[in-house]
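Enquirer: Below you'll find the structure I mean.
The values are calculated or read from the model by the stated rules, or taken from the named source; none is laboratory data. Small disclaimer: the values here were computed from a predicted structure and weren't measured. No Cβ is skipped: glycine too gets one built from the backbone with ideal geometry, and neighbour counts run over all protein chains shown.
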């Protein structure tokens, strides 16, 4: 990302029809913007999927992306939630080397991060963690010395706080409530 | 009642008011062609599917209605791509219907299978792959609605052979287009309107930039009222030509790369640009860093994605241009531009003396003379359909259009080969109008097979080939920017007179200025089509010219006299 670029988060409701993902991805590709993360899944409404797309782009480009996305017939709504108070989460599974001598220390780390061990094998274990990208990255950094054999991350899902949707571009939010203790890299 | 998918296609087209379909049959679209004979829609057999799309496009631009093209799967559909991209760039409402292999064969690389919805995804407003007869009616109705709503453009409907052969209950009323989502209403809050009016009422050197959107929105009358009430001069984009009468005292002419010097200078010196239905294309702005630096910008545009794309604007007004102008008109509190027009007129005089029309006849035939005489002979009333290149720019400079939809040209994509087929579409849309093709020797050869379509359909279309033996615009760039290395631009052409005769079209050859008017008159007297081959000066160039990416006011000016190029750079 260059100086003018910033990670923008778009939340889209789309009709769940063949090729919709292709149309949306193609729009980013055609205008020369790189998608950092894209998640999609069903919603509370049948036939409607919800996407969270993260892209590192300038403010002007973000406005045009939003306008261009809205031109796609299958897109029901699109909102740039970059400057609205949101909760964002992603999930990661990490397969880590675990021998008798390292397993105990690993479990401690997992505990501190409020992660979970979901598979235990003689030579390895799988850790599941949910949280912000920062928190997950912190865990990854701590686990790396143990030997990460495999990792999968879902990409971020984002939801606005409260009932009313806000789009106040003047007040960037930094006030995420500490709903759970956020572990940091210094742990 | 129960109908086959093929019948439903024509039922829908007929009910949607389609009179003409431009197409070419083939295996995967055979059921539709078989059913066609039972319906009133007139099918025009083209010679190449690209021609079908340009015809639909020309029809749409001349009439303001949706043009329809039809083709088979595979190569038929693939041949449409250039025409679809052309329509997309110029916001022309067309619907392309293509046959597709049977749904069971999709993905199997079957004979004449191609993923046309995948291919056309970025060059259509929307497209459909229809695999069941029951989906056809709704999709076609939606396609027409999408093509002409908001910022208009092309839609493709790909229908598998089994969907055409299948049957289902056809109920027109039940296939009403559903509302997917609320339309985004123009966000025209009063504060923005007030802000715009304040700028409009107080600017000292304002210029209106009128584009294709004026014509697409049908806002010509509102533009005229706006200009006359405010006294603000109007500059036109290439596709905006006709949106404001060329003969009007406030009409400056075309802006941009080959715009007249006074137009570009006025834009650069202005303190307010009122952009109406135009998108600040690079051919219009030149170097963005130095573009109209002192000017505030108001941008009235139906497509929110165009706002701040190329030029940062101060007041965006998103909405249909006609609606927005109607909202602005009652708030206007000025009636003239005082010294500003006098100042523009003064710079006009200086440039106008260099005009080629004022040069004595030196025995050479220049394209500008041809276009000028064509304008005079047709009293400026013809629909002129141009190809792409030097002749296109000369047409824009020397044919003075007073009415909308009388210049039809490929602006955004710059598609050579556009003119001849687009003129066929235009003639179907406006059978009462005199239709002229103005094409270069290069572009004409790209789609000249459609001469046969003209003859088969007995169309009275007149054709002027501006023949300079070069791919002229590329040659001009090679002369200016590549030290005159004419790489692959000299062009051998057939004898166009004999060629036309082979199609049964009367034709004339002209190579001197005094022959121009007699040839134009002879061609116009023909009851059917006619062609004139104008053998013009080989190495003539279009002036003025703003080199690509240069500052808009730094134009290469017309030479005075022709032997010496005067550059203001």
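Listed here are the residues, each with its yes/no results for (1) part of a helix (DSSP H, G or I); (2) touching a helix residue (DSSP H, G or I) at 6+ places or on another chain (Cβ under 6 Å).
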| residue | (1), (2) |
| --- | --- |
| B:446 | yes, no |
| B:449 | yes, no |
| B:463 | no, no |
| B:474 | yes, no |
| B:486 | no, yes |
| B:498 | yes, no |
| B:517 | yes, yes |
| B:523 | yes, no |
| B:534 | no, yes |
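Enquirer: Further question on the same structure: So residue B:109 clears everything in (1) in contact with a helix residue (DSSP H, G or I) (Cβ under 8 Å, 6 or more places away or on another chain); (2) without any contact (Cβ under 8 Å) to a residue 12 or more places away in the chain; (3) assigned to a loop (DSSP other than H, G, I, E, B) except one condition, right? Which one?
Expert: (1)
Enquirer: In addition: Could you run through segment B:193-205 and say how many residues are crowded, with 17+ Cβ neighbours inside 10 Å and out of contact with any helix residue (DSSP H, G or I) (no Cβ under 7 Å at 6 or more places or on another chain)?
Expert: Here is the first cut: in segment B:193-205, the ones crowded, with 17+ Cβ neighbours inside 10 Å are B:196-197, B:199-200, B:203, B:205.
With out of contact with any helix residue (DSSP H, G or I) (no Cβ under 7 Å at 6 or more places or on another chain) added as a condition, the list becomes B:199, B:203.
Of the residues in segment B:193-205, 2 are crowded, with 17+ Cβ neighbours inside 10 Å and out of contact with any helix residue (DSSP H, G or I) (no Cβ under 7 Å at 6 or more places or on another chain).
Enquirer: Specify which of the listed residues (B:290, B:285) is over 21 Å from the mean Cα position of the chain (by Cα) and away from chain A (no Cβ under 12 Å).
Expert: Exactly one residue qualifies, and that residue is B:290.
Enquirer: If residue A:46 passes every condition in (1) closer than 28 Å to residue B:129 by Cβ; (2) touching a residue at least 12 places away in the same chain (Cβ under 8 Å); (3) not in a strand (DSSP E or B) but one, which one does it miss?
Expert: (2)
Enquirer: Could you tell me which numbered condition residue B:135 fails, if it satisfies all but one of (1) under 21 Å from residue A:73 (Cα atoms); (2) exposed (fewer than 14 other Cβ atoms within 10 Å of the Cβ); (3) over 31 Å from the mean Cα position of the chain (by Cα)?
Expert: It is condition (2) that residue B:135 fails.
The rows are residues; the columns are (1) more than 8 Å from chain B (Cβ to nearest Cβ); (2) surrounded by 15 or more Cβ atoms within 10 Å (Cβ to Cβ); (3) more than 20 Å from the chain's Cα centre (by Cα).
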residue	(1), (2), (3)
A:10	yes, yes, no
A:17	yes, no, yes
A:30	no, no, yes
A:37	yes, yes, no
A:42	yes, no, no
A:52	yes, yes, no
A:61	yes, yes, yes
A:67	no, yes, yes
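So that you can scan it fast, the table gives a plain yes or no per residue for (1) at pLDDT 95 or above; (2) crowded, with 20+ Cβ neighbours inside 10 Å:
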| residue | (1), (2) |
| --- | --- |
| B:252 | yes, yes |
| B:263 | yes, yes |
| B:289 | yes, no |
| B:292 | yes, yes |
| B:315 | yes, yes |
| B:318 | no, yes |
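Enquirer: Just to be sure, is residue A:26 under 21 Å from the mean Cα position of the chain (by Cα), surrounded by fewer than 17 Cβ atoms within 10 Å (Cβ to Cβ), within 14 Å of chain B (Cβ to nearest Cβ) and in contact (Cβ under 8 Å) with a residue 40 or more places away in the chain?
Expert: no
Enquirer: Based on this model, can you work out whether residue B:217 counts as surrounded by fewer than 20 Cβ atoms within 10 Å (Cβ to Cβ) and either in contact with a helix residue (DSSP H, G or I) (Cβ under 7 Å, 6 or more places away or on another chain) or touching a residue at least 40 places away in the same chain (Cβ under 8 Å) (or both)?
Expert: no
Enquirer: Can you find a residue that is more than 14 Å from chain A (Cβ to nearest Cβ), assigned to a loop (DSSP other than H, G, I, E, B) and at pLDDT 90 or above anywhere in segment B:337-350?
Expert: yes
Enquirer: Condition first: more than 10 Å from chain A (Cβ to nearest Cβ), more than 19 Å from residue B:102 (Cβ to Cβ) and touching a helix residue (DSSP H, G or I) at 6+ places or on another chain (Cβ under 8 Å). Now tell me which residues in segment B:125-147 satisfy that.
Expert: Residues satisfying the conditions are B:137, B:138, B:140, B:141.
Enquirer: Additional query: Pick from segment B:299-314 the residues that are in contact with a strand residue (DSSP E or B) (Cβ under 9 Å, 6 or more places away or on another chain) and outside any loop (DSSP other than H, G, I, E, B): which of them is nearest to the other protein chains (Cβ to nearest Cβ)?
Expert: Going through the qualifying residues, I end up with B:304.
Enquirer: Okay, moving on. Checking the structure you have, find out if any residue of segment B:102-119 is away from chain A (no Cβ under 14 Å), modelled with pLDDT of 95 or more and touching a strand residue (DSSP E or B) at 6+ places or on another chain (Cβ under 7 Å).
Expert: Checking segment B:102-119: at least one residue is away from chain A (no Cβ under 14 Å), modelled with pLDDT of 95 or more and touching a strand residue (DSSP E or B) at 6+ places or on another chain (Cβ under 7 Å).
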